[in-house]
Amino acid sequence: MSYGTTIKVPFGPQHPALKEPEYFLFEVDGDIVVKVTPRIGYVHRGVEKAFEQETYLHNLYLAERICGICSHAHSTCYTQTVEGLVPLEIPPRAVYIRLIMAELERLHSHSLWVGIAAHEAGFDTLFMYLWRDREMIMDLMEEISGNRVTHAINTIGGVRRDITGEQATKIKKFMDKFEGNVKEYMKVLETEQTFLKRTKDVGILKPRDAIALCAVGPTLRASGIKSDVRADDPYLAYGEIPFNVITHDGCDIYARTIVRCEEMIESANIIKYALDHMPEGKIKVPPPRTIAPNESVGRVEAPRGELIHYARSNGTNKPERYKVRAPTLGNLASVCQTLIGAHVADIPLILAGIDPCFSCMDRVIITKKGE
Amino acid sequence: MVLHEIFGVFVYPGMALLFGLAFLYEWIDRKFFARVQNRIGPLYTGPSGILQPVADFLKLLSKEDIVPESCEKPIFSVIPIVYATLPLIALFVIPITGSALISFEGDIIFLMFISALITLSVFLAGWSSAGSFSRIGSIRSALQMLSYEIPFGLALIGPAISAHSLSLTKIAQWQAANSSWFLWLQPIGFAVVLISLLAELELVPFDIPEAETEIVAGWLTEYGGRRLALFRLGKDLELVMASTLVASLYLGGAQPLFFIPPVLILIIKSVVVLLLISFVRALFARFRIDQMTSGMWTYLLPLMIVQILLVQLGIGG
Amino acid sequence: MSLFREAAKQIFRKPATLKYPFEPGIVPPGLRGRPVWDMEKCILCVLCQNACPTAAIKMIPKGPDAGIEYHLDRCIFCAECADACPRKAITMTTNFELADTSRSRMVQHYKKPQPAQSQTQTQTQAQPPKQ
């Protein structure tokens, strides 16, 4: 059904479906989206410039505040980059503690996302259940690190807090329970007709498009492409831990949900394995105050996808240049492609499907025609 | 005599009782819905938060009144009053105390007319406020009405055919006299009436016209302050209307039982219906409007026609 | 309908949410709340001031006001100061209810006890009121 003329539907910067301010202008023909114009930059905070003003240790806390949800991923990536500049070898126990925190964070981020997806589809009860379980993970992280969101457990040269034996048994016990819960929710998601109707064959991203448009993380894996920094370029102790890279051939929102659910189960297993195989020893080595001129790139698989940090040192105690490339920026082009041809009612679901984190993403990007 | 009637309209079983019930039912719905979701629900206003709906209503009344510049001002201001009044009028026909305030042969048709008018007022409310989200919401609500109205009407007619009356009071009395509820006689009709009432009340999975994550608040987007308060009161009254309607049509109505007054019986029955509605709305995700329309026409309507045929063949009453 | 069993179970279960502001919240032992200085131990060595990423700590080295000026409104509770302190004079308490309506009340002055005075610690500004 075509009406010949299109209506412009603004979406954002304030909209209940968007948890962060970002603006999209949709051109709608009847109920079908024909054109999407994103306008990013509402939450640009000048983080990269701020990095150049502070010392390496102080910047750690800035890196942690780039994202409110994957704060540990950012600080891990930061420490990895800075340790690459020195270069510095961190003690094996610290590596494992960082990894356990990273996987706990993936659990809470994914359960957050699956909850949001359920909420966008109007499935509020499941949203409440998932967030209830997420709250327990947050409590666990708070107990380990001392804070719910900005854990401040990483430091250059290791970690600041150890995981005690008591905490380890508590985490393991909780992981078993959580895994059972996730399996229960997966059963609900796989059989609930109203949810399937809203998510199956909605927001199709073909594998070819996914690669061409630089999609990353669960969005890419839900298009059937096996790509995960943890497996492709093992950092921390991922090379020593057996785990599967979850993929799904559905290419739709449903596939993205299932990929994230299965990754949660996989993460729970990684945590259990890591706790069992955690080496004893020191948790940190003293970092140098100044760093000789060097360049370094850190890659981390954040819950949302591949996260890249780049740093250049100049012999002082401050970086000369720092660059952050958050996964949402990689996924934004693909989501705009996916939205074309979608129903208006499906916009929030598709947009939420990449797990957008706009404040992570907003950097100054100046693109001029012909350059 | 006149005084008695005035008392009937304004106090019991009229407006005072109905407003009380409206706020009580909203509280029950919120509390129960919260419990299903493992939450506590309203808690601090009054014992167990029972006064929360009243507090919300009063708070909204005191808020700033905003009228968008480009809206149709006369309609925009009148519709909230109309929306709150319509379910109230419908409630006068429902035999809450055993006999309705107004009862006449054919009041079921009157009820159907009112329920259509409610949706029409929703459409006008969204359309007159001239926002893009409101317009989408109002179109959706009109589309939704086109799909649930016919099965809903048929589900009301089913018991009427069996009881040989178009009067709600008489249908309730028929059930009492034959000591059998239409719930057991016409179970398909009961299911259909529940589903179409979910659509009428705009509850999940049919909260499409005000889908929060898609179109902000749908047709309600531009309303605030006392207009929104009236809409919320209207919604609560609609909730009372829906649950008492089902209770008196399918659950036997206000049958006297031992020494318990019939009002209490009806309230208990309608609370059961209300709990059922709140539980069902916790179980689903939202449909898309096209899925909802086609689903209603392809499944609900044939089912209801089968039910009517069964009734005509003498099965189920 | 697949949620039916799970949802029906919840009706009789204790709600997961807390009545937090009306009942005390659950505080895990290692929580990093507001830092507190023990001025008996403090040697005014500036290490905490240097370690602070947000410049929430200002040291006044000399004079009658010699001591630590702590800005609660800037603090991010990273505990770098507590780690940096050579005398372990800074402890992170588990107090997390730190909101206030006035910015000036969020600046706190820890005075170094003067040798002549018997007073151990005085605070120029009032403690933020407890909720």
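Assorted remarks:
- For region A:254-269, filtered to residues that are farther than 16 Å from A:SER109 by Cα and not hydrophobic (A, V, I, L, M, F, W, C), the residue that is surrounded by the fewest Cβ atoms within 10 Å (Cβ to Cβ) is A:ASN269.
- Taken over region C:8-62, the residue count meeting the criterion of being hydroxyl-bearing (Ser, Thr, Tyr), within 9 Å of another protein chain (Cβ to nearest Cβ) and either loosely packed, with under 15 Cβ neighbours inside 10 Å or closer than 21 Å to A:ALA152 by Cα (or both) is 1.
- Pair list, Cβ < 8 Å and 6+ apart or interchain, from region B:273-292 residues that are within 11 Å of chain A (Cβ to nearest Cβ) and over 19 Å from A:TYR185 (Cβ atoms) to residues that are among the polar types (S, T, N, Q) and surrounded by 18 or more Cβ atoms within 10 Å (Cβ to Cβ): B:PHE287/A:THR194; B:ILE289/B:GLN144; B:MET292/B:GLN144; B:MET292/B:SER147
- Test: residue in region A:42-55 that is within 14 Å of another protein chain (Cβ to nearest Cβ), part of a loop (DSSP other than H, G, I, E, B), surrounded by fewer than 14 Cβ atoms within 10 Å (Cβ to Cβ) and not acidic (Asp, Glu): no
- Meets criteria (surrounded by 13 or more Cβ atoms within 10 Å (Cβ to Cβ) and under 19 Å from the mean Cα position of the chain (by Cα)) for B:LEU51: no
- Single residue of A:THR150, A:THR194 found to be of a type in the set (Val, Ile, Thr) and closer than 26 Å to B:VAL280 by Cα: A:THR194
- So B:ILE139, is it over 15 Å from B:VAL311 (Cα atoms), out of contact with any helix residue (DSSP H, G or I) (no Cβ under 6 Å at 6 or more places or on another chain) and either buried (at least 19 other Cβ atoms within 10 Å of the Cβ) or not aliphatic (A, V, I, L, M) (or both): no
- In the set B:LEU143, B:LEU166, B:LEU203, only one residue is within 14 Å of chain A (Cβ to nearest Cβ), of a type in the set (A, V, I, L, M) and either more than 19 Å from the chain's Cα centre (by Cα) or part of a helix (DSSP H, G or I) (or both); that residue is B:LEU143.
- Boolean, A:ARG39 is basic (Lys, Arg), out of contact with any Leu (no Cβ under 9 Å at 6 or more places or on another chain) and more than 22 Å from A:ARG289 (Cβ to Cβ): no
- Criterion: part of a helix (DSSP H, G or I) and of a type outside the set (Val, Ile, Thr) - qualifying residue of B:SER180, B:SER138: B:SER138
- Here B:TRP219 passes the criteria (1) surrounded by fewer than 24 Cβ atoms within 10 Å (Cβ to Cβ); (2) more than 14 Å from chain A (Cβ to nearest Cβ); (3) under 30 Å from A:PRO10 (Cα atoms) except the one numbered (1).
- Region C:1-34 - residue that is of a type in the set (Gly, Ala, Ser) and not in a loop (DSSP other than H, G, I, E, B) and, of those, nearest to the chain's Cα centre (by Cα): C:ALA7
- Hey, B:ALA229 farther than 29 Å from B:THR298 by Cα, touching a Leu at 6+ places or on another chain (Cβ under 7 Å) and crowded, with 21+ Cβ neighbours inside 10 Å or not: yes
- Selection within region A:270-314 - surrounded by fewer than 18 Cβ atoms within 10 Å (Cβ to Cβ), under 26 Å from the mean Cα position of the chain (by Cα) and part of a loop (DSSP other than H, G, I, E, B): A:HIS277
- Members of region C:56-104 found to be without any contact (Cβ under 8 Å) to a residue 24 or more places away in the chain and under 15 Å from the mean Cα position of the chain (by Cα), listed by number: C:ALA56, C:ARG74, C:ILE76
- Subset of region A:75-121 (residues that are hydroxyl-bearing (Ser, Thr, Tyr) and under 19 Å from the mean Cα position of the chain (by Cα)): A:SER75, A:THR76, A:TYR78, A:THR79, A:THR81, A:SER109, A:SER111
- Note on region A:195-209: residues that are under 22 Å from the mean Cα position of the chain (by Cα) and among the acidic types (Asp, Glu) amount to 1.
- The numbered conditions (1) outside any helix (DSSP H, G or I); (2) farther than 15 Å from B:ALA229 by Cα are all true for B:LYS63 except (2).
- Test: residue in region A:83-97 that is among the basic types (Lys, Arg) and either within 14 Å of chain B (Cβ to nearest Cβ) or closer than 21 Å to C:MET92 by Cβ (or both): no
- Residues of region A:1-29 classified as over 14 Å from A:PRO356 (Cβ atoms), more than 11 Å from chain B (Cβ to nearest Cβ) and either loosely packed, with under 14 Cβ neighbours inside 10 Å or within 22 Å of the chain's Cα centre (by Cα) (or both), total: 4
- Qualifying residue in region B:37-47 (condition: away from every other protein chain (no Cβ under 14 Å), on the phi > 0 side of the Ramachandran plot and not hydrophobic (A, V, I, L, M, F, W, C)): yes
- Members of region B:77-121 found to be touching a residue at least 60 places away in the same chain (Cβ under 8 Å) and in contact with an Asp or Glu (Cβ under 8 Å, 6 or more places away or on another chain), listed by number: B:PRO87, B:VAL93, B:ALA100, B:SER115, B:ILE118, B:THR119
- Residue count for region C:63-81, restricted to those that are outside any loop (DSSP other than H, G, I, E, B) and facing chain A (nearest Cβ under 10 Å): 1.
- Qualifying residue in region B:235-245 (condition: within 21 Å of the chain's Cα centre (by Cα), under 30 Å from B:GLU72 (Cβ atoms), away from chain A (no Cβ under 14 Å) and surrounded by fewer than 23 Cβ atoms within 10 Å (Cβ to Cβ)): yes
- Selection count, region A:330-344, where residues are more than 14 Å from chain B (Cβ to nearest Cβ) and either in contact with a strand residue (DSSP E or B) (Cβ under 8 Å, 6 or more places away or on another chain) or surrounded by 22 or more Cβ atoms within 10 Å (Cβ to Cβ) (or both): 9
- Tallying residues that are crowded, with 21+ Cβ neighbours inside 10 Å, under 14 Å from B:LEU249 (Cβ atoms) and within 15 Å of the chain's Cα centre (by Cα) within region B:96-130 yields 4.
- Within region B:169-200, being under 16 Å from B:LEU274 (Cα atoms) and within 18 Å of the chain's Cα centre (by Cα) holds for B:PHE190, B:ALA191, B:VAL192, B:VAL193, B:LEU194, B:ILE195, B:SER196, B:LEU197, B:LEU198, B:ALA199, B:GLU200.
- Helices (runs of 4 or more DSSP H) wholly inside region A:121-228 containing at least 1 residues that are facing another protein chain (nearest Cβ under 9 Å) and surrounded by fewer than 21 Cβ atoms within 10 Å (Cβ to Cβ): A:124-145, A:165-191, A:193-199
Every read-out reported here was derived from the displayed coordinates using simple, explicitly stated rules and does not represent laboratory data. Predicted model, so just to flag it, every value in this text is computed and none were measured. FYI the Cβ positions are ideal-geometry reconstructions off the backbone, even for glycines, and counts take in every protein chain you see.
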